[in-house]
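Heads up: the structure comes next, in structure tokens.
The values are calculated or read from the model by the stated rules, or taken from the named source; none is laboratory data. Computed from a prediction, not measured in an experiment: that's the story for all the values here. Because the Cβ atoms are built from the backbone with ideal geometry, glycine has one as well, and the counts that use them run over all protein chains shown. Keep in mind that these areas ignore ligands, DNA and RNA; they rest on the heavy atoms of the full protein, side chains included. Shrake-Rupley method; radii C 1.70, N 1.55, O 1.52, S 1.80 Å.
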Amino acid sequence: MLTVASDIDVLARFGRALADPIRCRILLVLRQAPAYPADLAEQLGISRTRLSNHLACLRDCGLVVTTPDGRRTRYELADERLGHALDDLRAAVVAVAADKTCPDGDTKGCC
């Protein structure tokens, strides 16, 4: 039975998923359209085994779901709003990266 996660749990799961660049790339590809693992592995240039581990993490985080399609399984975002959230996060990161309000950013390379 599925339950609704708390706000903190949702943010923690989203953060865990985004903590790895490959998982970010998977989410961005699935943002465009559902895909099959073999196609994802080829598009991302990674092994199917490695992809499988990342897809399992994304499933455990509740961000992707599977749909059986004959002998194959198709992956897609669990909710279309996740795609909008990814777009919003990308826009926010770009806006923050362009903001040079940190006084030590140029000398320490921290910002």
Next item on the list: Determine ³J(HN,Hα), in whole Hz, for all residues of region 54-66 in sequence, where each value follows from phi through the Karplus function 6.51 cos²θ - 1.76 cosθ + 1.60 and θ = phi - 60°; x replaces Gly and Pro.
Entry: 5, 5, 4, 4, 5, 5, 4, 6, x, 9, 10, 10, 10
Notebook entry, point to check: Can you give the Kirkwood hydrodynamic radius of region 31-92 from its Cα pairs, in Å with one decimal?
Noted result: 12.4
Margin query: Given contacts defined as C-alpha pairs under 8 Å and at least six residues apart, what's the relative contact order of region 8-95, whole-number percent?
Written below: 29
Next item on the list: Just reorder Asp20, Asp7 by solvent-accessible area, largest first, 1.4 Å probe, all chains present.
Entry: Asp7, Asp20
Checklist line | Loop trypsin sites (Lys or Arg not before Pro), region 29-79, which have at most 16 other Cβ atoms in a 10 Å radius of their Cβ (DSSP) | finding: Arg71
Next item on the list: Pop out the carbon and sulfur fraction of the accessible area of region 1-66 as a percent, whole number, probe 1.4 Å.
Entry: 54
